[in-house]
Structures are given as structure tokens and as C-alpha cells.
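In what follows, a structure is listed as C-alpha cells, so that the remarks can point back to it.
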Amino acid sequence: MAATQKRPRRKVKADFRREGLLAAAIQHRALLCPLLNQSCRKPAWNFRVLHARLSKTEKPDLHWATMKSANDRISTGNQGLDVVLRGGLPANRLYLLEGSPGSGKTTLALEFLLEGRSNGERGLYITLSETKEELEVVAASHGWNLDGIDIFELSSADDVLGPGRDQSILHSWEMELGETIKLIKAQVEQIKPSRVVFDSLSEMRLLAQDPLRYRRQLLVLKQFFSGLRTTVLLVDDLTGSDGGSDNHLHSLCHGVITLSRLTLDFGAARRRLQIQKLRGVDFIAGYHDFVICSGGLEIYPRLIASEHHREFADDRVSSGIDELDALLNGGPARGTSVLITGPSGVGKTTLALQYLAAACERGEPVTVYQFDERVGTLLGRAEALGLNLRRHVDEGRLVIRQVDPAEVSPGEFAAGVLDEVKRRSVRMIMVDSLSGYLAAMPQEQQLILQLHELLSYLSQSGVLTLLINPQTGFFGSMQPVGLDVSYLADTVILLRFFEAGGRIRKAISIVKNRSGKHEDTIREMRIDDRGVRVGEPLSDFKGVLTGTPEYTGVEKPLMEDRGSRA
């Protein structure tokens, strides 16, 4: 290259930026322009020239120039949200946090600033509506303190313009908005924060009066923050004229986080989080349930089964009853789901307890999610069958969790299952019953998708899942309560009542078994104080599954009582 050949100005600026000096030099434009002109003409230039020139002038503040680059990720202060974002937010960008009042915006914004404080970063909370005292009350409710976080409060127009603002010939709102922006800029330049929360845009919208002026001021703020190496969180409570999202604001921001609050006809309000957009980041899309509890937001990332595969032995799981295992060629396979269906009182939970007790005796961790019965009732029923589950509970092998379907969301339930599998390495899970799980989610189509993903995750983790599914009615044609989920299960065990000899009896049959062959016979099942018994095939009956069978064989007794346990 000839000595007089000129280097592209864009290339020189890029080199300055890589050295972390462009932001500092922009503050000294009179110094930067001659350097750029000189550097473009001299191919052998280096950055020592810049350092020499800067040392002869007033030394600039290099604090912002040495902060994180735009490619770095910063934590939001919320572990669940960081998982959704797959590592946090890209630094030095402008983000929008929107949601209706009461959705948790202020709490999440405070978590964002507190995370920066723990990393030694300067944080600034600019509030146009709430007072500092109100913010401290919110923080104290979560056990936090705001020491080390700067709070710039602009709760009244007098703070901005003073009491003589009405004497101006200009509209008061024109002066208020302009002076507010000036004060915000001055405060940011003075503090030089790494993280800024701007709460909220609704007050700025009111000050602007005109939508065009409001958007122009937002663009001014974005351009102002873009050169400061600061990560900004704009908070919007969606109290605009139409109550919806501002698409122009969405396009202006690098990312958009939306918090929503859904009030059901009965039970606690449901809250959900969604990442509307995030440029250059492969985040987990869709809705993510969350709750506001003491300590902040508990966000439950949407479960993706394909991301949680692990190797396991594909063996058979015994119930401890030889006749029952014979129906499934040794028992259900590990990593499959078993649907036990039948009318109320036929013995669905009792049959599942046999598998649970056998697993506990083998030393396997087991978890039961009880939607319908109390924990004490379940343990009492097991004792009546001769199954000492209390001992396994005391020794930690069996965990029984009482679930209130009116209070828990499907995302929270799935997160609890995920935690049990990861933390306790459970090998068997029972859900009693699916009707209670259905009550936890009013949207039926979403229930099927949630359940499908949950069963896929448990399958890839090598967990045997027992699902109790009640049916309506007692005899004849019966339908499942709520949705028919039989196609999701790998194995379906059908229990039915039938009448014979003036007595109500129970029958068991295997409808399907994807993991191998199974018996196609219908056998009688009895329940007594020794547990479950499975008898011989009912080959001399026809119409057993209808509830009104017809006996076609010779006179032959069915199973009788075997007496009480001594």
C-alpha cells in the first residue's frame, strides 16, 4: 500500500472500538477527528498516538469504555429467566419489560439491579411514578435492601421545573417532558451506571401528550444510551389508550419481555412470562408460568423433553405379584407410562400402590403426586392392604406431595417433577389422578401438549410413570373423565366391575402394551387385607367388560376370600 493511500474511515473506527477507546474518544471529538484523518493517511499508525494525545489533555473517563462488550451476556438476577434466555441478556442494549399492573414488573426490575450490585456494577432506578419509599417497601417484602442502588425520583412536576412553571408561555407539558429528559440524561452522565431501570413509560406517554413526540423522545433516549455501554430496562404497564402493546416500541427495543396475569373463575391468579423478541438469541419461546413469592419471581421454564435425555437400563419393573407381572410379560418396561383406568372404587390406586411398595422395597426413590385424596388417607389405605408405606416415607425413599389443583399451575407442576427427577433421581412417579391434573389447567388442548411433553421427559429419564384415570359410571359403556389420554400411555390397564352369582366382582385386562407382548385374557381381581390377587382367566364368561356377563361354562366357583392376615 502506498504511503499516501487512505484507509477507510469505517475500518479505523472499528479498530478503535476493538481497543475499547472509541467511547472515550467520542467525548473528545476535537481530538478524535484529527487522529482519524492522520490515521487514514498513514498505514503504519498505532494506538500509541491516541494515548499520547489523550495524556496531554484532560484525562477522559474510561469507565464505560472498559465495560462488557455487546456480545457478552449478563444475568437478569432471576435464575428461571436466565434459563429461558439460555444464558441471560446481551449487554449494553435497550430492553422492554411490559405487563399489566400487578404482573411483577417492579419485582423483576429490582432483581435485575440487585444482580448488578452483587457483581460490583452501578445500578440506577429512574422512577416517574413510585416514590423511593414505595420501592423500599417492595424490596423489604422480599427480604432485600436497596443499599448501593441509586434511585432517581421524579414523582412530581415541581421536582423538574420548580413552582414557577405555569408562568411560561409554552405548554406546561412541553416543558415538563423536555426538562425531564434533560434531568435523566444529567443523572445518568453523573452516575455512569452499568444497569438502568426506567419506570415507567406510561408517565412519559402522558407528559408527551402527542404520540409522535412520545416516540421521538424514546428514540432520543435510545440514541443517548447506545453510546454509554449501559443495559437499560424500560418498564411499561400497558395503560395506553387501547391497553395493548406498542408495536413501535417493540421495534425500537433489542428485546421484549412480557408478563401477563390471568384471573380464573376460581382459584389463584395465573401469571405467565413470554419473550416476544430478542435479537440474535436462541431463547425458549412460548409461555412460562411463574409465581411471585417472598424472594422474587419463581419462573418455571417451559419443559422441552428433547433436552433432557439420559441413558438407563431397559429392564422390567415388577409389582411383587407374579400373576400381575405375567399379564405384562414380566411387568412394564422402565421409562414407560402406565395408564390405569376404570370406574371409581374399582381399585386403580390400590393396584398402583403395589408397584410403589415393590419399588420402595428394592430401595428405589419414588414420588407420589396426590391431587384427590389426603396423604393420611392414602397411607391408611396402604396399611389396610398390608403395605407399610410409612416406613418408606420416614426413611426418605417415598415422597408424597399433596397438590392443590386450584393453586398450582401446570408449569409449576412440571418444574416440581423435573426437580424430583434431577435432585432425588426418582425411578417411579404416580399421578393420582388425571382429573385433578385437568382441573389445574382449564385449556384442554394445552393440557394434552403439557402432559405429552411431561411423559416424554419422564420416558427419556428412565422413570416409570403410573397415571390414574377415572371413568364415569360403574357398569356398561363408560367414558373417561375429561380427556381421553389413552393414546399417550405406553401401557393401558383396564379395570371393570362385573356381576356374577349375586356379587359385584372386579376384572383386570391389558388393553395395550407398546413395550412388548401381553396377555389378552380377562382375569378376575380381588383386593383384601393382603393386597391384590389376580385369578384365572374368565374363559367361561362372555360380556365381562359390559358389566353384565353371561356364564357359559359348567358350575365353577370364582375366587373366594383367603381369610384375614394373622
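Could you work out how much longer the chain between ARG503 and SER306 gets when fully extended? Use 0.36 nm per residue separation minus the Cα distance between them, nm to one decimal.
Working: separation 197, 0.36 × 197 = 70.92 nm, distance 4.94 nm.
Length gained, ARG503 through SER306: 66.0 nm.
Full extension of the chain between LYS222 and THR131 yields a length gain of 30.3 nm, computed as 0.36 nm times the residue separation minus the alpha carbon distance. Residues in the stretch 327-332 carry Karplus couplings, in order, of 4, 10, 6, x, x, x Hz; the curve used is 6.51 cos²θ - 1.76 cosθ + 1.60 with θ = phi - 60°, and Gly or Pro positions show x. Note on ASP404/HIS248: beta-carbon distance plugged into 1/(1 + (r/R0)^6) with R0 of 56 Å gives a FRET efficiency of 0.85. Spin-label model, THR472/GLU536: points 7 Å from Cα along the beta carbon direction are separated by 3.9 nm. Per-residue packing, averaged as other Cβ atoms within 10 Å, sorts the ranges 280-286, 248-254 into the order 248-254, 280-286, beginning with the highest. Using R₀ = 35 Å, calculate the FRET efficiency as 1/(1 + (r/R₀)^6) where r is the Cβ-Cβ separation of ASN388 and GLU550; round to 0.05. In this case the efficiency is close to 0.25. Karplus-based coupling profile of the stretch 177-188, in residue order and whole Hz: 5, x, 5, 4, 4, 5, 5, 5, 4, 5, 5, 5, with θ = phi - 60° in 6.51 cos²θ - 1.76 cosθ + 1.60 and x standing for Gly or Pro. Backbone amide hydrogens, once placed in the peptide plane, bring SER486 within less than 5 Å of nothing, excluding anything fewer than 5 places away on its chain. Residues of the stretch 95-121 with backbone nitrogen within less than 19 Å of a virtual label 7 Å along the Cα-to-Cβ line of ILE191, please, listed as ranges. Zone members listed by number: 95-97, 105-121. For the stretch 255-310 versus the stretch 385-461, the inter-centroid distance based on Cα atoms is 19 Å.
Sorting 255-262, 369-376 by their mean Cβ neighbour count within 10 Å, with the most densely packed peptide first, gives 255-262, 369-376.
The modelled label-to-label distance for the pair GLU519/LEU449, using points 7 Å beyond Cα in the direction of Cβ, is 4.2 nm. Packing, taken as the mean count of other beta carbons within 10 Å per residue, orders the peptides 518-531, 355-368 from highest to lowest as 355-368, 518-531.
Taking amide H atoms as placed 1.01 Å from N in the peptide plane, the amide H of GLY286 lies under 5 Å from those of ILE275, each 5 or more residues away in sequence or on another chain. Projected label points at ASP529 and ALA285, each 7 Å from Cα along the beta carbon direction, are separated by 6.1 nanometres.
Readers should treat all values here as calculations from the given coordinates under stated rules, not as data from a laboratory. All values reported here derive from a predicted model rather than from experimental measurement. Counting neighbours? That spans all protein chains shown, and the Cβs are built from the backbone with ideal geometry, glycine included.
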